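A quick write-up on the structure given underneath.
The values are calculated or read from the model by the stated rules, or taken from the named source; none is laboratory data. Not measured: the values here are computed from a predicted model. Here the Cβ positions follow ideal geometry from the backbone for every residue, glycine too, while neighbour counts run over all protein chains shown. Side chains included, ligands, DNA and RNA excluded: accessible areas come from the protein's heavy atoms. Shrake-Rupley method; radii C 1.70, N 1.55, O 1.52, S 1.80 Å.
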Amino acid sequence: LTEAEEAMSRPLSAICQAAFDGILVHMLNTVGGGAHKETWQPMRRQMCVALNSRKTHRTLAILSRSYADSDAIFLQEVSGAMVAQLREHPKLSRNFSLHVAPNDGKRDQISVLLLSRSRFDPASATSLNPAFDALLAGLGGDVPVAPGDVLVLSATDALTKQTYVLASFHGDTDGLATVPVVKAMAQLLAKQPAGTRHVFGMDANTYAVGSAKQQGVSEFAAEYRQLGLTSCWGDAPDPTNITTFNARTYLQPQLNKAVAYKDLASPGTGDKNPKDFLLFPKGSFGVESTTKDNTGQKAYVERQPFPTLTFPSDHGVLSSVLKLLPPPSPLASELRTARRSLRAAE
């Protein structure tokens with residue numbers, strides 16, 4: 001773009017947006033002989049309040065009502081305004097210490113960790129982002145990770161003195177950064193003291209069916225298994241176990257991406273994908289339970305598009321109870337190695 005074209009781009013965009021809005025107003029005031037004239041504006045205002053102006057308020061209400069007893073909460077795509085409100089929230093700031101990914105202050109998509117003050121010593125939290133960044137850069141290639149996408153820190157259990165490495169990550173839209181980030185995280189783990197436990201919460205942006213342009217969930221699982229990791233969904237997550245279910249409407253830009261209500265459940269329409277994970281080294285935790293939530297009430301309604309007027313996110317909440325497993329004894333490790341050798345010989 002030339003400087004002149006750059007200068008005119010914002011006012012031109014404003015004019016185009018005004019024209020689009022004008023078309024919507026005219027269409028909805030006249031369609032059906034004006035039958036929707038008295039209802040669509042109140043409905044639009046209700047949606048704007050629920051999904052925009054009061055989105056942060058509703059998100060914090062869900063966290064404080066349904067998830068305040070968690071030991072760790074992994075958040076992604078958090079706005080600067082929400083970070084500020086987390087610091088000031090009476091219940092959440094009392095229950096949790098707040099940790100924010102290093103960012104340039106230009107993007108409202110920040111990864112965050114909330115750590116229970118009763119479980120983790122806030123003074124023990126130490127950033128591992130510099131070490132992680134160096135390992136990711138060492139992998140080479142153009143990995144689409146932006147400032148604020150990754151938060152990595154170590155923290156100590158206040159009671160048991162167990163050290164944890166905890167990470168929160170937001171993948172790019174096509175999930176192409178997810179595998180390189182997990183590989184760098186596995187390298188970081190290998191450099192930690194023996195006995196360190198790791199939990200990695202992520203919006204992996206993986207897809208039920210992968211392609212050269214989008215990261216498939218089955219291919220992602222094969223990668224993390226090779227690194228000695230597993231997930232809250234096990235070694236082989238079900239591609240149909242989705243954590244997103246949304247689609248554009250005909251009242252949004254890019255009408256070519258709009259999906260009719262009757263077509264919502266059809267394959268290939270909208271965003272219905274298994275995108276959210278907790279990863280950890282295999283054998284370090286037992287998964288006692290994993291649940292999804294797209295209501296804010298610790299319940300998940302299958303085939304229900306979201307966000308809704310009561311649930312403001314386009315990703316469901318993923319909640320797992322993990323049981324810390326004892327480390328394997330040296331003898332057990334030797335026996336497993338011997339068994340593998342015997343099987344290989346057969």
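Values computed for the structure shown
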quantity	calculated
Contour minus Cα-Cα distance for Glu3 and His26 (0.36 nm per residue)	4.7 nm
Per residue solvent-accessible surface (Å²) - segment 1-139, probe of 1.4 Å	62 Å²
Helix 178-190 vs. the chain, principal-axis angle (Cα, 0 to 90°, nearest 10)	30 degrees
Listed residues Leu12, Leu166 arranged by accessible area, highest first, probe 1.4 Å	Leu12, Leu166
Candidate residues Tyr261, Tyr300, Tyr67: accessible-area rank, largest first, probe 1.4 Å	Tyr261, Tyr300, Tyr67
Calculated FRET efficiency for the pair Leu324/Thr249, C-beta based, R₀ 45 Å, to 0.05	0.50
Rounded accessible area of Met47 (nearest 10 Å², 1.4 Å probe)	90 Å²
Förster-model FRET efficiency, 41 Å R0, Met43 and Ala222, C-beta, rounded to 0.05	0.35
Cα gyration tensor, segment 38-170 - rounded (a/c under 1.5), prolate or oblate	oblate
Violating pairs (Cα-Cα greater than 29 angstrom) within the set Lys55/Lys282; Lys91/Lys323; Lys161/Lys298; Lys37/Lys106	Lys55/Lys282; Lys161/Lys298; Lys37/Lys106
Contact order normalised by residue count of segment 1-159, Cα under 8 Å, 6+ apart, percent	18 percent
DSSP beta bridges in segment 120-205 [antiparallel fraction, %, rounded to 5]	60 percent
Extension gain, His36 back to Ala265 (0.36 nm per residue minus Cα-Cα distance, nm)	79.8 nm
Shape of segment 99-159, Cα gyration tensor, a/c cut at 1.5	oblate
Cleavage-rule hits, GluC sites (Glu not before Pro), segment 18-92, DSSP coil, Cβ neighbours within 10 Å at most 12	Glu38
Theoretical gain in end-to-end length, Gln214 to Lys161 [0.36 nm per residue, Cα-Cα removed]	15.0 nm
Ala84-Lys298 FRET efficiency (beta carbon distance; Förster radius 30 Å; 0.05 resolution)	0.65
Over the chain, relative contact order from alpha-carbon pairs under 8 Å, at least 6 apart, %	13 percent
Contact order relative to length of segment 55-146, as percent, for alpha carbon pairs under 8 angstrom and 6 or more apart	29 percent
